[in-house]
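For reference, the structure discussed in these notes is given below.
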Amino acid sequence: MTGNRGKHSAARLLRAIGIAALLLLMAAPAPAQQGLDLKKAAEGPVRIEADRLSYDRDSDVYLAEGSVLITFTGGTLRADSVTLNRTSGDAWARGRALLQTDGDTLAGDILEINLYSKTGVARDGRMFFVRNHLYITGREIEKSGEATYRIQDGTATTCDGPVADWRFAGREVDVTVDGYGTLKNGTFEIRDTPVVWLPWMVFPAKTTRQTGLLFPYFGYSQEKLGFDVEIPFYWAISKSTDATLYTRYMDKRGLKEGLEFRYAPSAGTYGLFYGDFLKDQWTGSDTLGGIPRTWTEKQDRWSWYWNHETTFSPGFYFRSDLKKVSDIHYFRDFDSHNYYLDHFAGSRNRKFERVSFLANGQLTSYDSTARLVKEWRSFNLTALAQYTDNLTSPSNDETLQRYPEISLTGFRQPLFGTRLQWEFTGLYGNYYRTLGERGSAVDLYPKLSLPWAFGDYLQVTPAAGFRGTLWDTESTGASAAGDSASRSVYTLGLNAATEVFRTYDVGWGGAEKVRHAVRPEVTYRYIPAAGPSLRPDFVPPVGNTAVGGVSASVDSENSLTYALTNTLVSRLRDDKGNVNYREILRVKLSQTYNIATPTIYVTQPTLLVPATTPSVLPADPTRPFRPIDLEVDINPYRSLAFMTRAAYDVNTTAWAQINQDIALHDDRGDSLSLVYRYTKNSIESVGVTGRARVTGALDVFAGFRRDEFGNANLEKTVGVEYRRQCWSVQVSYSDLVDDRQFIVLFSLTGLGRVGGFTASRQTMGF
């Protein structure tokens, strides 16, 4: 009993000593000024847990041994032993030392760390950054800031495991967490075997922009380009400017030099300029869109693009998108690894990847624009200059250009606080071309409408407008002449609609309720004849309509349009109890009856109808019924979408136009897409793309496009993609109308792509 009592007494004594040591740590005195400053710098207490703990009051130093855990603001430090100077915050950790800050880890045999500044050095260190899954090792790792590191004899990889599938190794590596890094005098290694020497390289890990080489690009095109290699060089010019220089060698074309220059001098101003030049060594003859070319010597091929925006104040800005290419064949010849396709983006948030046009071989025209916009709550004022390059013609002599065009728009709003609504559009334009009719025009169009509801069953909206237009024309050529004319015409309209609906309680497909609505609608439009034969093509039409799915304009109309829309909307509740809605079905049928024969002009191209000189459609008073337009959208599940846009000509009892899309996908990664396009006597094409996940690491994919109207296959593509934890490789073969391409695309997880026709550019934004 005495022995046991002695043991218990010893245990209590040791426990009391430990508690006393911990209390001493939290309350040990220090010079008054330094202690106060340290508390502010640390922004919180420092806590030590260890098997053995001692304290030197004279030096204010703690010695912790055995399973040491030090907790401080923003992180923890673990080691076999730690010496901590409470005054300075310096800690010397030895034996399985591990520092954790914000989920990132720094380990080493020896760590010399300041807990307050979170800086220090690790010997034989290892780091792991959670946010980009990046591993760093080095003979010496210096933590120079809260998120910055310098590594001697270091490596970098995103691969898990003791032996990385790939890594970068270099004499000196600089890294900033969640930003970019630089590598000096390094190599790219596969399974610890060096394969490529890298004298200087920038990779995604550092926020401070660094000058250096970026990932090269490799490709092969059998017919157009041959072997294709591009080496980009990134130049951090200043805090607000940078540039990327592209040197690209194409075996069958020659050496192409390119420059991308970006600037952002202030928060409201930014811009990007890109240009390239090539002495094309291709010689021969071919035809594009009926336009022949014959090159017998080196031709100058070039392109440039300038995007600029300045915001003066909210709602007041200037924006320009200027572009030019050397010839109409440029985008067809260089549609592989095309800068404009790689940087196309419609979002205003991607400031430096906002090429405004899809520059592929099918492009028929492109516009260079500059506009000044001022927006108010009820009005919008826009000054526009636009130059159009027509790629279907050897020259732009007959292409109509707009500079300037000034428009004022008044949005629909109550008139003097009454139920009467008014809106307004006004336009002045100057229109120019070398050959053909040109001139200027002023167009004013105020409109009034009066929405009226008869209970919950019927909504009626009568509308009236007046359109006055004055123009001055000048003709060039053999019959050059000038003329001034005007047009005054009123417009009338009436819309009547109602909606009946019912909500059903259901319990299938995750839906709680389904709302079925039926909306019949009738619209009357009247525009008296205003002498359309006198109107030059640059004068805006009086009204707009749709003819078989094609956007068109009218100078006279007396018509009745009737439509019926059916919708099914489901109410869904997820596992967390959140409610959302999905339109699972929408079907709309509409048709127009011409009370009087209209004069219709097709003025705007669609994806299916190329841009042409406006032409008058033949008017047939014996066929007053326009085609029946059909719109169908079906989305019964999140993984299935079906869309149809079609027009059925009741006069010929045949389809005038059919556009259909079907998309299927699942959570595993399988997908299938089918596209069908048909326009009578013009287009009939079909396209199929699919991807199947064979295993967790292997995908197969294929694509097929065929022009049924021209009886020709446009594209056949097959390929496979193999993925590992930190890399993937994609191999594909494409048989195109004018080329055969073999593509190998190697991707490093977190670091971009090497090779292939979509190689990424790793550069910094502002």
Quiz prompt | Criterion: charged (D, E, K, R) and touching a Lys or Arg at 6+ places or on another chain (Cβ under 6 Å) - qualifying residue of Arg668, Arg691, Arg724 | solution = Arg668
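Yes/no per residue for (1) surrounded by 22 or more Cβ atoms within 10 Å (Cβ to Cβ); (2) assigned by TED's automatic domain parsing to the domain that holds Val173; (3) modelled with pLDDT of 90 or more; (4) within 16 Å of Leu77 (Cβ to Cβ):
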{"residue": "Gln100", "(1), (2), (3), (4)": "no, yes, no, yes"}
{"residue": "Gly103", "(1), (2), (3), (4)": "no, yes, no, yes"}
{"residue": "Asn114", "(1), (2), (3), (4)": "no, yes, no, yes"}
{"residue": "Lys118", "(1), (2), (3), (4)": "no, yes, no, yes"}
{"residue": "Arg131", "(1), (2), (3), (4)": "no, yes, no, no"}
{"residue": "Leu134", "(1), (2), (3), (4)": "yes, yes, no, no"}
{"residue": "Lys143", "(1), (2), (3), (4)": "yes, yes, no, yes"}
{"residue": "Tyr149", "(1), (2), (3), (4)": "yes, yes, no, no"}
Self-check item: Top-ranked residue in the stretch 455-472 [being farther than 20 Å from Leu408 by Cα and at pLDDT 90 or above; ranked as surrounded by the most Cβ atoms within 10 Å (Cβ to Cβ)]
Solution: Ala463
Exercise. Quick one: which residue in Thr392, Thr399 is of a type in the set (Val, Ile, Thr), in contact (Cβ under 8 Å) with a residue 24 or more places away in the chain and in contact with a Gly (Cβ under 6 Å, 6 or more places away or on another chain)?
Key: Thr392
Practice problem: Return yes or no: is Arg638 within 30 Å of Thr749 (Cβ to Cβ) and in the same structural domain as Thr567 (by TED's automatic domain parsing)? | Solution: yes
Practice problem: Looking for whichever is out of contact with any Pro (no Cβ under 6 Å at 6 or more places or on another chain) and outside any strand (DSSP E or B) here; the options are Asn659, Asn713, Asn651, Asn635. Which one fits? | Solution: Asn651
Practice problem: Tell me, please, whether a residue that is among the small types (Gly, Ala, Ser), surrounded by 15 or more Cβ atoms within 10 Å (Cβ to Cβ), in contact (Cβ under 8 Å) with a residue 24 or more places away in the chain and part of a loop (DSSP other than H, G, I, E, B) can be found in the stretch 151-163. | Solution: no
Practice problem: Specify the residue that is farthest from Asp667 (Cα to Cα); the eligible residues are those in the stretch 681-705 that are touching a residue at least 12 places away in the same chain (Cβ under 8 Å) and aliphatic (A, V, I, L, M). | Solution: Ile683
Exercise. Using the structure shown, decide if Tyr490 is farther than 17 Å from Pro541 by Cα and touching a residue at least 24 places away in the same chain (Cβ under 8 Å).
Key: no
Practice problem: Answer yes or no as to whether Asp300 is under 25 Å from Asn396 (Cβ atoms) and surrounded by fewer than 17 Cβ atoms within 10 Å (Cβ to Cβ). | Solution: yes
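Can Gly577 be described as at pLDDT below 80 and surrounded by 15 or more Cβ atoms within 10 Å (Cβ to Cβ)?
On the way: at pLDDT below 80: yes; surrounded by 15 or more Cβ atoms within 10 Å (Cβ to Cβ): no.
In short, no.
With respect to Arg131, determine if the residue is without any contact (Cβ under 8 Å) to a residue 40 or more places away in the chain and among the basic types (Lys, Arg).
Details: without any contact (Cβ under 8 Å) to a residue 40 or more places away in the chain: no; among the basic types (Lys, Arg): yes.
When the stated conditions are applied, Arg131 does not pass them.
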Quiz item: Is it true that some residue in the stretch 415-434 is of a type in the set (Lys, Arg) and either under 17 Å from Leu381 (Cα atoms) or touching a Pro at 6+ places or on another chain (Cβ under 8 Å) (or both)?
Solution: yes
Quiz item: What single numbered condition from (1) within 30 Å of Val506 (Cβ to Cβ); (2) touching an Asp or Glu at 6+ places or on another chain (Cβ under 8 Å); (3) at pLDDT below 90 fails to hold for Ser639?
Solution: (3)
Quiz item: Quick one: is Gly690 surrounded by fewer than 16 Cβ atoms within 10 Å (Cβ to Cβ) and outside any strand (DSSP E or B)?
Solution: no
Quiz item: Within the stretch 517-531, is even one residue modelled with pLDDT under 95, acidic (Asp, Glu) and assigned to a strand (DSSP E or B)?
Solution: no
Quiz prompt | Selection count where residues are over 27 Å from Phe316 (Cα atoms) and crowded, with 16+ Cβ neighbours inside 10 Å, scope the stretch 255-276 | solution = 5
Quiz prompt | Residue among Thr369, Thr418 that is over 29 Å from Thr310 (Cα atoms), out of contact with any Gly (no Cβ under 8 Å at 6 or more places or on another chain) and without any contact (Cβ under 8 Å) to a residue 60 or more places away in the chain | solution = Thr418
Quiz prompt | Cross-chain or 6+ apart pairs with Cβ under 6 Å, the stretch 568-591 first and in the same structural domain as Val518 (by TED's automatic domain parsing), then modelled with pLDDT under 85 and crowded, with 17+ Cβ neighbours inside 10 Å | solution = Ser570/Ala511; Leu572/Ala511
Quiz item: Is one or more of the residues making up the stretch 117-124 more than 15 Å from Val175 (Cα to Cα) and not in a strand (DSSP E or B)?
Solution: yes
Quiz item: Would you say Leu53 is part of a strand (DSSP E or B) and either under 24 Å from Val130 (Cα atoms) or modelled with pLDDT of 90 or more (or both)?
Solution: no
Quiz item: Scanning for something among the aliphatic types (A, V, I, L, M) and not assigned by TED's automatic domain parsing to the domain that holds Pro598, does the stretch 418-430 turn up at least one residue?
Solution: yes
Self-check item: Tally, over the stretch 715-733, of residues that are hydrophobic (A, V, I, L, M, F, W, C) and surrounded by 17 or more Cβ atoms within 10 Å (Cβ to Cβ)
Solution: 2
Practice problem: Evaluate the stretch 348-368: report whether one residue or more is under 20 Å from Asp300 (Cβ atoms), charged (D, E, K, R) and surrounded by 15 or more Cβ atoms within 10 Å (Cβ to Cβ). | Solution: no
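The values are calculated or read from the model by the stated rules, or taken from the named source; none is laboratory data. All values derive from a computational prediction rather than experimental measurement. In this analysis, Cβ positions are derived from the backbone assuming ideal geometry, glycine residues included, and neighbour counts consider all displayed protein chains.
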